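Undergrad: Before I ask anything, here is the structure I am working with.
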Amino acid sequence: MALPVPIDEGPDELREVLAPLRNGVSVALMSLGNAFAAGAIVRVAHSFLVREIFMVGDAPHYEKASMGMEKYETIVRVPDVAGLFEAVEGRPVYAIEKDRATRSLYDAAPFPEGVVFLFGSERFGVPDEALDRADAIVGVPMYGINHSFPVAITAGMVLAEWGRRRYAPGTVVVPKKGSPPGFSL
């Protein structure tokens, strides 16, 4: 459920309000080669209040596609795969890749706290260097003859599945200290 937007607040103040509500999950994007898809993923990631968004390489994101949500997100740019793994500081990295998947997105195994979901380009996928270092390679099942989902759609499916598990009935989620007054889940 979306939070009401405090219209009188600027981006810095809103980032401060959102900080204690942020989740431990993060998103990493390889140079997608599609600035619109990258912008759309920023928008989707904001909807799940991810910890941060890593952009690997120097490819831009299309701000119009993010509907302004980039103003409220922590976007960390890293030069390459090695820089990504250094920046995540040992947190688990789950690469989302259909061809080398070792588990399905819908497997019962839980996602670890602090997981970083790594998405590759629609054309080239996640590079082997990143797949070799990932803690898991997760595939999203497909049932037609199409070879892949658009990466922005995939990010939405992955984060929705993460959110379904995170906020499942009976799951206790305690807002962090400093949550907005009157906020409860």
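Undergrad: Do any residues in the range 141-162 that are touching a residue at least 40 places away in the same chain (Cβ under 8 Å) and closer than 20 Å to P112 by Cβ have Cβ atoms under 8 Å from those of residues that are assigned to a helix (DSSP H, G or I) and of a type in the set (S, T, N, Q), where the two are at least six apart or on different chains, and which pairs are they?
TA: L159/S47
Undergrad: I would also like to ask the following. Which residue pairs have Cβ atoms closer than 9 Å, lie 6 or more positions apart in sequence or on different chains, and pair a first residue in the range 86-107 that is under 15 Å from E129 (Cα atoms) with a second residue that is hydroxyl-bearing (S, T, Y) and in a helix (DSSP H, G or I)?
TA: Taking only residues 6 or more apart or on different chains, the pairs are I96/T154.
Undergrad: If you go through the range 19-40 one residue at a time, how many are closer than 14 Å to V116 by Cα and not in a loop (DSSP other than H, G, I, E, B)?
TA: 4
Here, each number is a calculation from the coordinates, and none is a lab measurement. Since this is a predicted model, take the numbers as computed values, not measurements. Glycine gets a Cβ as well: all are built from the backbone with ideal geometry, and neighbour counts include every protein chain shown.
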